[in-house]
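Below you'll find the structure, written out as structure tokens, and then a few comments.
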Amino acid sequence: MANEGVGQEQSIIFAVAGGVATITLNRPAVLNSFNRPMAKALQRVLDEVAADPAVRAVLLTGAGRGFCAGQDLAEAMPQDGPAPAIGDIVRETYNPIVRRLRALEKPVVCAVNGVAAGAGANLALACDLVLAADTASFVEAFSKIGLIPDTGGTFTLPRLVGPQRAAAMMFLAEKVPAADALSLGMVYRVVPAASLLDEARALATRLAAMPTRALGLIKRALNASLSNDLDAQLEVEAELQAEAGESEDYREGVRAFLEKRAPVFVGR
Ligand code: T3D
């Protein structure tokens, strides 16, 4: 089938089915912590899903008992040989991933299947809709090892939970259980661990059947709202509405409404 495909990179498992690209972080022995090859593979896969019109939603999750424990600390500080420059790691690995996730004009569902620590926590928060297993947790672990939060966390977290709670999480680096993450607004839903993947897949599949251009433009508008004032944002809405109004899916949506039938959206 043209829109079905399976590919595998060493540390990232990637499969496309029914309009949904499922990306699985796959270094379970180290709780899917990021080494350079995994970060580069994730960047490549995100480029692929951006370019593929058959992909209309993305599902990101982790293999094994953890979602992602952030930077692989053995790589960051090797026993033999010099440590790589940390600023370069952030610029070359995490920043491009966050930019790709935010610029991707397709919805990204994140299924947090276990602990999400350091860059792993902030990776989840960079996605559009976060579903967490009831056994999952989030830790802004950076300060425990003398670092500051990266992967967009200092941008995302205070906007989600407010500056005071973000400061507490980032200073104290305490585990935030999924239920607390829900009440703080860090995640969209918490579901039983056993049904997490099914629920996340159902959500991604539902999003993949929606008007993809409109969802992408909603994401663009929400991104813009983070730095715009009201006047500028009203203009963004007018411009993006004009763009949405030219889509095939807009015409189908209105026709289906008038004909009292369910719409069939094609993503254009
Ligand atoms: O270069 C730079 O540093 C700049 C970039 C920074 C971005 C960052 O993400 S900095 C933050 C890095 N991450 C952390 O500090 C988290 C470290 N991990 C933990 O604190 C704990 O593992 C967790 C709280 C996430 C989970 O605890 P627990 O008890 O459930 O699991 P565990 O036993 O600690 O870990 C299981 C295995 O994964 C263990 O290996 P072993 O003993 O079974 O062989 C552990 O060493 C390994 N592991 C976990 N996290 C990492 C890791 N190995 C390498 N790097 C990790 N980040």
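What the table below lists for this structure:
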{"item": "Cβ-defined net charge surrounding LEU215, 12 Å radius [Lys, Arg +1; Asp, Glu -1]", "result": "+3"}
{"item": "P(r) tail fraction, segment 1-106 - alpha-carbon pairs more than 16 Å apart, %", "result": "59"}
{"item": "GNM flexibility winner over the chain from VAL176, VAL236, VAL139 (Cα, springs under 10 Å)", "result": "VAL236"}
{"item": "Stokes-Einstein D (µm²/s) once Rh is taken as the Kirkwood radius of segment 118-224 over alpha-carbon pairs, at 10 °C in 1.306 mPa s", "result": "107"}
{"item": "Separation of the SER195 and GLU259 label points, Cα + 7 Å toward Cβ, nm", "result": "3.5"}
{"item": "Highest-MSF residue in the chain out of GLY185, GLY216, GLY19 [GNM, Cα springs under 10 Å]", "result": "GLY185"}
{"item": "Electrostatic dipole magnitude of segment 100-179 [Cβ: Lys, Arg +1; Asp, Glu -1; Cα centre; debye, to 20]", "result": "100"}
{"item": "Sites ARG91 and ARG44, calculated FRET efficiency, Cβ-Cβ separation with R0 25 Å, nearest 0.05", "result": "0.90"}
{"item": "Cβ-placed point charges (K, R +1; D, E -1), dipole of the chain about Cα centre in debye, nearest 20", "result": "420"}
{"item": "Largest-first principal axis extents, alpha carbons of the chain, Å", "result": "66, 46, 35"}
{"item": "Set of lysines near LYS106 by C-alpha distance (under 23 Å), chain-local residues within fewer than 8 positions excluded", "result": "LYS40, LYS219"}
{"item": "Stretch gain in nm, segment ARG159-ARG36, where the contour uses 0.36 nm per residue and the Cα spacing is subtracted", "result": "41.4 nm"}
{"item": "Highest average packing first - 65-71, 250-256, 26-32, Cβ atoms within 10 Å", "result": "65-71, 26-32, 250-256"}
{"item": "Separation of the ARG268 and ALA238 label points, Cα + 7 Å toward Cβ, nm", "result": "3.0"}
{"item": "Residue of PRO96, PRO163, PRO211 that the Gaussian network model of the chain assigns the largest fluctuation, springs spanning Cα pairs under 10 Å", "result": "PRO163"}
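Where a number appears in this text, it was derived from the coordinates with a stated rule and is not lab data. Just so it is clear, the structure is predicted and the values come from calculations on it, not from any experiment. Glycine gets a Cβ as well: all are built from the backbone with ideal geometry, and neighbour counts include every protein chain shown.
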